[in-house]
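My questions will all concern the structure given below.
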Amino acid sequence: MIYPIVLYGDPILKGKAKEIEKGTIDVGELSEDMFETMKAASGIGLAAPQIGKSWKMFVVDTSHLEDEKVNDFRQVFVNPKVIEEKGKPWNFEEGCLSIPGIREEIKRNGVLRLKYYDVNWEPHEDTFDGMKARIIQHEYDHLTGTLFTDYLTPLKKRLLRAKLSNISKGKIDIDYKVKAPLKKINYVNTI
Ligand code: ZN
């Protein structure tokens, strides 16, 4: 099932996602839906809050990328917890399915140690680096209510204000299903 992707401006993207209790959610079915939703939008990572579900879970799928170093990465992460971030910080231009049309350079640490459960509830603790670490860091941020735009300088944010405002109103031209935040109508000013 393809879900509409929640857009910038929706409060769910600023909330803290909840731990999933084993047995309460079918993580197998949810992850398949998330992979399908992400593929339809040509994304490489998708976190549950982006489909309106505030749970600690995200999926990554780089199999359609051309870069052979990273295109073997297709994984489900349930209840992930960052153990350590280290390594030389590096810049990369990031985008986000919830913030279409905006790409900005973001600096992140190069190496990440992460604890998580897989789709079969097997526990893992692994170290990731390069693009894999980068994608996980971006998706993990979604579970703590952090968007990549939160890392931008006040000046950069000001320059993007109009674009971000349009996204939050659903005024965008994209070819995947989205859910714009509910419109707030200011009745006082509409007389
Ligand atoms: Zn994102």
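The values are calculated or read from the model by the stated rules, or taken from the named source; none is laboratory data. As the structure is a prediction and not an experimental result, all values here were calculated from the model. Note that each Cβ is placed from the backbone with ideal geometry, even for glycine, and that neighbours are counted across all protein chains shown. In case anyone asks, the SASA skips ligands and DNA or RNA and just uses the protein heavy atoms, side chains included. Shrake-Rupley method; radii C 1.70, N 1.55, O 1.52, S 1.80 Å.
Before rounding to the nearest 500, sum -39500 (n - 2.57) across all DSSP H runs of length at least 4 in the chain and divide by the residue total; then give [θ] at 222 nm in deg cm²/dmol.
Mean residue ellipticity, 222 nm, calculated: -7500 deg cm²/dmol.
At His124 and Lys14, where each label point lies 7 Å from the Cα along Cα→Cβ, what is the point-to-point distance in nanometres?
Once both label points are built, they end up 3.3 nm from each other.
Follow-up. Normalising by the residue count of the stretch 5-180, find the relative contact order in percent from Cα pairs under 8 Å and 6+ residues apart.
Dividing the mean separation by the residue count of the stretch 5-180 yields 28 percent.
Ok, one more. Would you kindly state how much longer the chain becomes between Arg103 and Met1 on full extension, computed as 0.36 nm times their sequence separation minus their alpha carbon distance, in nm to one decimal?
Result: 34.0 nm gained on full extension.
Which residues among the stretch 44-75 fall inside the zone where the amide N is under 20 Å from a point 7 Å beyond the Cα of Ile83, along Cα→Cβ?
Residues passing the 20 Å test: 57-58, 75.
If Ser54, Ser63, Ser31 are ordered by their accessible area, calculated over protein heavy atoms with a 1.4 Å probe, which sequence runs from highest to lowest?
Numbers: Ser54 25, Ser63 65, Ser31 0 Å².
From most accessible down to least: Ser63, Ser54, Ser31.
May I ask you to give the solvent-accessible area per residue for the chain, in square angstrom, as obtained with a 1.4 angstrom probe?
Numbers: 10910 Å² over 191 residues.
I get 57 Å² per residue for the chain.
A follow-up question, please. Residue by residue through the stretch 62-75, what is 3J(HN,Hα) from phi via Karplus (6.51 cos²θ - 1.76 cosθ + 1.60, θ = phi - 60°)? Round to whole Hz and write x for glycine and proline.
Using θ = phi - 60°, the values come out as 9, 4, 8, 7, 7, 5, 5, 5, 10, 8, 10, 10, 9, 8 Hz.
Can you give me the long-range amide H partners of Lys18? Hydrogens built in the peptide plane at 1.01 Å from N, cutoff under 5 Å, separation of 5 or more residues or another chain.
Residues meeting the criterion, in which the H sits 1.01 Å from N, are Trp55, Lys56.
List, largest first, the extents of the alpha carbons of the stretch 13-127 along their principal axes, each in whole Å.
Cα spread of the stretch 13-127 along its principal axes, largest to smallest: 39, 31, 31 Å.
In the stretch 5-180, what percent of the accessible surface is made up of carbon and sulfur (1.4 Å probe, ligands and nucleic acids excluded)?
48 percent
Let me ask another. Once R0 is set to 30 Å, what does the formula 1/(1 + (r/R0)^6) return for the Cβ-Cβ distance between Arg113 and Glu36, expressed as a FRET efficiency to the nearest 0.05?
It comes out at approximately 0.50.
Any idea what log10 I(q)/I(0) is at q = 0.14, 0.16, 0.19 Å⁻¹ for the stretch 57-191, Debye with uniform C-alpha scatterers and no solvent?
For the requested q values the scattering log ratios are -0.77, -0.96, -1.24.
Further, regarding this structure: Going 7 Å from the Cα of Lys171 along its beta-carbon direction, which residues of the stretch 1-29 have the amide nitrogen within less than 19 Å of the resulting point?
7-10
Applying the Karplus parametrisation 6.51 cos²θ - 1.76 cosθ + 1.60 with θ = phi - 60° to the phi angles of the stretch 131-142, what ³J(HN,Hα) value in whole Hz is obtained for each residue in order, glycine and proline being reported as x?
These are the phi-based 3J(HN,Hα) values: 4, 4, 4, 4, 5, 5, 4, 5, 5, 4, 4, 4 Hz.
Gaussian network model of the chain, Cα springs within a sub-10 Å range: biggest mean-square fluctuation belongs to which of Pro49, Pro80, Pro89?
Per the Cα network of the chain with a 10 Å cutoff, Pro89 tops the list.
Ok, one more. Do the alpha carbons of any pairs in Lys22/Lys88; Lys22/Lys177; Lys81/Lys171; Lys14/Lys86; Lys39/Lys81; Lys56/Lys171 sit beyond 32 Å of each other, and which pairs?
On the way: Lys22/Lys88 36 Å; Lys22/Lys177 30 Å; Lys81/Lys171 35 Å; Lys14/Lys86 25 Å; Lys39/Lys81 25 Å; Lys56/Lys171 29 Å.
In this structure, Lys22/Lys88; Lys81/Lys171 exceed 32 Å between Cα atoms.
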